[in-house]
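**Student:** The structure follows.
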Amino acid sequence: MTSQFEQAVRAVCNLPLGSTELITPAAIVICLVMFWLNGEPDFAAALAVPGVRLHLYEKHTPRAGRKMGHLSSVGATAEEALERVLEAKRRL
C-alpha cells in the first residue's frame, strides 16, 4: 500500500508510517552490467512476458558489478511473479 520511497519520507519526517499490506504479489531481478557485455540486452523479448516492467537507472558508464536497472513483475501468486521475472531475465 505504501511504497518504499514514501515510507522513507514518512520516517525521515517523523510522520506515521504507512500500511505495508500487500496489494499484489511481485518479484524483481537486478540487472547488473553483465547483461550488457555482449551488446544491448533484448529488452523487447523480456518485456513480452506478461506482467513484466523494466526500470533502467540511466547510468551511462558500465563498471563491473554495477547495477544498471531491474526487471519487476506481478502475478496472481508470488511464485507466478517470480517465474515471470526469471523468464524475462532469461530472454535478455
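The values are calculated or read from the model by the stated rules, or taken from the named source; none is laboratory data. Given the structure is predicted, the values throughout are model-derived calculations rather than measurements. Glycine also receives a Cβ, built like all others from the backbone with ideal geometry; neighbour counts cover every protein chain displayed. In case anyone asks, the SASA skips ligands and DNA or RNA and just uses the protein heavy atoms, side chains included. Shrake-Rupley method; radii C 1.70, N 1.55, O 1.52, S 1.80 Å.
**Student:** Would segment 31-42 turn up any residue that is under 14 Å from Arg90 (Cβ atoms) and either modelled with pLDDT of 95 or more or under 13 Å from the mean Cα position of the chain (by Cα) (or both)?
**Tutor:** Yes, there is a match, as at least one residue in segment 31-42 is under 14 Å from Arg90 (Cβ atoms) and either modelled with pLDDT of 95 or more or under 13 Å from the mean Cα position of the chain (by Cα) (or both).
**Student:** State all residues of segment 33-89 that are of a type in the set (Lys, Arg), in a loop (DSSP other than H, G, I, E, B) and open to solvent by 80 Å² or more (accessible area, probe 1.4 Å); if no residue qualifies, say none.
**Tutor:** Arg63, the sole residue that qualifies.
**Student:** Please verify whether Thr24 is under 15 Å from Arg84 (Cβ atoms), loosely packed, with under 12 Cβ neighbours inside 10 Å and modelled with pLDDT of 90 or more, treating the condition exactly as stated.
**Tutor:** When the stated conditions are applied, Thr24 passes them.
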